[in-house]
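Please treat every number below as a calculation from the coordinates, not as lab data. This one's a predicted model, so the numbers in the text were calculated from it and none came from an experiment. Neighbour counts run over all protein chains shown; Cβ positions are idealised from the backbone, glycine included.
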Amino acid sequence: MGARSVPTRRAGPQPVAYPDEIALANDQPRSSPSAVKLDPNRPRATRLAPTPSGALHVGNARTFLLNWALARHEGWRVTLRLEDLDIGRVKDGAHATAIADLADLGLDWDGEVEVQSRDLMPYRAMLTRLAESGELFRCDRSRSEIRSAASAPHAEDGETRYPPELRPPEPWPRVIQAWEANHRLRVEPRDEHVFDELLGERTFNPGLEAGDLVVWTKLGVPAYQLAVVVDDARHGITDVVRGDDLLASAARQQLLARLLGLPHARWWHLPLVYGDDGKRLAKRHGAHSLRALFERGVTRERIAGWAAWSIGLVPERAPLSLDALVAATSPDALRAAISTRNSHSCVFGDGDLGWLCES
């Protein structure tokens with residue numbers, strides 16, 4: 001592929017300052033928390049949020065390309081955020097590799113790169129707020145204890161519901177007594193309605209599907225659901241574009257945002273990409289990693305062309321410039337593509353790999 005061509009970073013606006021209603025420095029508990037509605041006049045913004053715990057693959061590339069192209073088509077600000085709180089899985093050099101892979105795709109972003117692990121204080125402030133609400137409890141239960149609970153069915157995706165009978169006796173402490181301990185948020189069964197810009201309205205029941213949510217881990221860092229809710233609010237993110245494996249998480253994040261009095265973003269969930277083994281692309285599909293493709297001479301134009309064709313934005317599989325991808329990726333075009341051609345997940349097989357690697 002030759003020397004990397006790293007796009008010039010746009011100076012862009014600085015991260016949006018916290019509005020009064022989401023000021024994380026506010027230590028006062030809220031008597032009746034409610035979700036903060038997004039101001040329709042607020043500048044639109046999205047984020048690219050790779051997890052530097054493994055190689056980015058062609059499925060990640062498709063989501064990032066479409067996210068970025070939609071943002072540039074609509075004039076949204078783009079934040080790059082490295083979600084590196086899964087401490088045990090982040091390897092040396094992984095941050096730089098994730099940034100390099102996105103640069104090799106030709107993507108750019110506005111402002112400095114955000115790194116979650118650099119500052120844990122905003123997450124601590126929000127965990128303290130949850131404790132003050134009386135809805136947070138320390139959980140020292142093992143996974144085997146949770147799995148063996150009678151009302152904790154083991155879901156197909158590996159998730160086990162945390163049942164209410166495993167909660168400790170109330171009242172629960174309204175202060176954090178140990179930061180290096182798992183903490184869960186009480187979640188009662190009730191419907192949570194999610195409106196997705198691409199898929200329409202969906203209904204979930206986090207209390208039945210997941211039970212009491214882990215929001216803090218014994219590693220002393222926030223769990224995924226709390227971290228992204230806090231970060232999206234403080235970074236001014238108004239639109240989240242990601243894979244539809246996280247659609248159920250949207251309901252949980254709305255619930256958390258409502259309890260914390262934070263805004264939640266608009267949702268745009270894209271169909272996942274699976275390998276020809278029927279499993280979603282992951283590190284086990286090593287030949288499909290972006291780094292492996294780049295080392296085989298695959299160009300960003302071929303990856304962009306495959307991404308646009310596989311989602312249904314263009315009729316034929318052909319190399320596509322990033323400018324052309326941006327022009328093709330309007331909200332209406334994405335909605336039409338997903339509803340007509342690609343309402344189900346995409347399979348990336350040997351034929352796709354062979355086409356990408358054609359000279």
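State whether one or more residues within segment 297-311 are touching a residue at least 40 places away in the same chain (Cβ under 8 Å) and loosely packed, with under 15 Cβ neighbours inside 10 Å.
The answer is yes; a qualifying residue exists.
Touching a strand residue (DSSP E or B) at 6+ places or on another chain (Cβ under 8 Å), part of a loop (DSSP other than H, G, I, E, B) and surrounded by 14 or more Cβ atoms within 10 Å (Cβ to Cβ), is that true of L130? Lay out the reasoning, then the answer.
Numbers: touching a strand residue (DSSP E or B) at 6+ places or on another chain (Cβ under 8 Å): yes; part of a loop (DSSP other than H, G, I, E, B): no; surrounded by 14 or more Cβ atoms within 10 Å (Cβ to Cβ): yes.
In short, no.
Residue by residue, here is whether (1) under 30 Å from A69 (Cβ atoms); (2) not acidic (D, E) holds:
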| position | (1), (2) |
| --- | --- |
| S148 | no, yes |
| Y162 | no, yes |
| E165 | no, no |
| P168 | no, yes |
| Q177 | no, yes |
| H193 | yes, yes |
| L213 | no, yes |
| A223 | no, yes |
| D245 | yes, no |
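Can you tell me how many residues within segment 312-330 are surrounded by fewer than 23 Cβ atoms within 10 Å (Cβ to Cβ), part of a helix (DSSP H, G or I) and in contact with a Leu (Cβ under 9 Å, 6 or more places away or on another chain)?
Of the residues in segment 312-330, 3 are surrounded by fewer than 23 Cβ atoms within 10 Å (Cβ to Cβ), part of a helix (DSSP H, G or I) and in contact with a Leu (Cβ under 9 Å, 6 or more places away or on another chain).
Out of the residues in segment 176-229 that are touching a Gly at 6+ places or on another chain (Cβ under 6 Å) and more than 23 Å from P163 (Cβ to Cβ), which is surrounded by the fewest Cβ atoms within 10 Å (Cβ to Cβ)?
Result: E180.
Tell me, please, whether a residue that is in a helix (DSSP H, G or I), charged (D, E, K, R) and under 21 Å from the mean Cα position of the chain (by Cα) can be found in segment 331-347.
First pass over segment 331-347, keeping only residues in a helix (DSSP H, G or I): 331-340.
With the extra rule that they be charged (D, E, K, R), the set shrinks to 332, 335.
Those left that are additionally under 21 Å from the mean Cα position of the chain (by Cα): 335.
Yes, the conditions are met somewhere in segment 331-347.
Exactly one of (1) under 23 Å from the mean Cα position of the chain (by Cα); (2) at negative phi is unmet by G305. Its number?
(1)
Quick one: how many residues across segment 99-114 are within 18 Å of the chain's Cα centre (by Cα), under 11 Å from L290 (Cβ atoms) and surrounded by fewer than 18 Cβ atoms within 10 Å (Cβ to Cβ)?
Count: 0.
So, in segment 81-98, of the ones that are out of contact with any Pro (no Cβ under 8 Å at 6 or more places or on another chain) and either of a type in the set (D, E) or buried (at least 18 other Cβ atoms within 10 Å of the Cβ) (or both), which residue ends up nearest to W216 (Cα to Cα)?
Only one residue tops the list, namely D86.
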